[in-house]
């Protein structure tokens, strides 16, 4: 089935084609008809499978066909998101798909001055994409009027609920005077969060779950290599040198670690960008723009960028540190292999992180492929990390570094 056969406006079909979207993905195929009918939907699908377009297409079409001019008479839809970066990205999707339609969207979030956002709101918009804090701040100031809202979307719903935003969600729903449609979209969800989600939708809500047995997309080949904490920077440096043309996202646990890893790469004449919560919003947006444009090939990030961010053509994701939360692993590796592209993810696991690895594998219900350092044997899925030669070279290099490190340590003890 192609988008050409969907009962949506011709201009939206043209915009989809310009974005290279000719056929719906599984989540789009299952969600769009239900959303068009006005049903509440709770959708769980692997990251990188096109969840944003799954709700953006029917929402844009409904608003476009209902309006007689480009003038906006109030906010029709609110999309609540957990992070600023995700708000910007989702607004970019709505803008691209809504080009030359009568639909206007706007993203509002904290970390930047309010004045420009208030001015844009005053001109009138149809779709508001917002983080909870800034949205409620602007509602209290009278800059946002939610009385005409007919659709409420929660993207990355599990994180919204898990981070304690349930009260914010309940608060905004109380403010919606009209009967409204509620849409929950997420890549991961547990029983407790699912219960909270169902408490916010109609009992007749449509539940859509794509590939529940494996939350990692089949387009992503992922493996783990056992590397001690002190050796990770050497191993990463070698990996980057072996893949000079590749676009790589490196995930670390803390802001301090991000800067340290960047400096370690710099000592090897490798330039890398960093993004984390201590950077202000303008800096973070600039970093994302430079990475997306291939100005830099390496981005070192904390989990502020693990959720929902769609960066084109990321070849590899490196989990320099394993995440504290098992669900985050899925979101991290989902930065590669998006849409119909292929990608690979490699995790560095130290002795102290083996418990985290077991928790992640329990969540995935399977063992992650291993690369065992110091041995000639390894198990790896086809085409990951450019094949056996690359892996064996990395293993030999790591053994060399380990011998040198131990030799240096012996000299110091003398």
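Nothing in this text is a laboratory measurement; each read-out follows from the coordinates by a stated rule. Bear in mind the structure is a predicted one, so any value in this text is a computation, not a measurement. Here the Cβ is made from the backbone with ideal geometry for all residues, glycine too, and neighbour counts use every protein chain on show.
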(message) Suppose the chain between residue 253 and residue 278 were pulled fully straight at 0.36 nm per residue; how much longer would it get relative to their current alpha carbon spacing?
(response) 7.7 nm
(request) Place the peptides 45-55, 115-125, 292-302 in order of packing, highest mean first, counting for every residue the other Cβ atoms within 10 Å and averaging per peptide. (result) 45-55, 292-302, 115-125
(message) 7 Å from Cα along Cα→Cβ at both residue 113 and residue 209: what's the point-to-point distance in nm?
(response) 4.9
(request) Between the alpha-carbon centers of region 309-329 and region 31-82, tell me the distance in whole angstrom. (result) 27
(message) Run lengths n ≥ 4 of DSSP H only: what is the helix-derived mean residue ellipticity at 222 nm for the chain, with -39500 (n - 2.57) per run over all residues, to the nearest 500?
(response) -13000 deg cm²/dmol
(request) Can you tell me the order of 232-242, 171-181 when each peptide is scored by its average per-residue count of other Cβ atoms within 10 angstrom, highest first? (result) 232-242, 171-181
(message) Given a Förster distance of 25 Å, report the FRET efficiency between residue 294 and residue 361 from their Cβ-Cβ distance, rounded to the nearest 0.05.
(response) 0.15
(request) Please find the FRET efficiency linking residue 99 to residue 67, where r is the Cβ-Cβ separation and R0 is fixed at 22 Å, and quote it to the nearest 0.05. (result) 0.90
(message) Order these by the 10 Å Cβ neighbour count, fewest first: 109, 94, 3.
(response) 3, 109, 94
(message) From the gyration tensor of the Cα coordinates in the chain, what semi-axes in whole Å does the equivalent ellipsoid have, largest first, with each one equal to sqrt(5λ)?
(response) 41, 22, 20
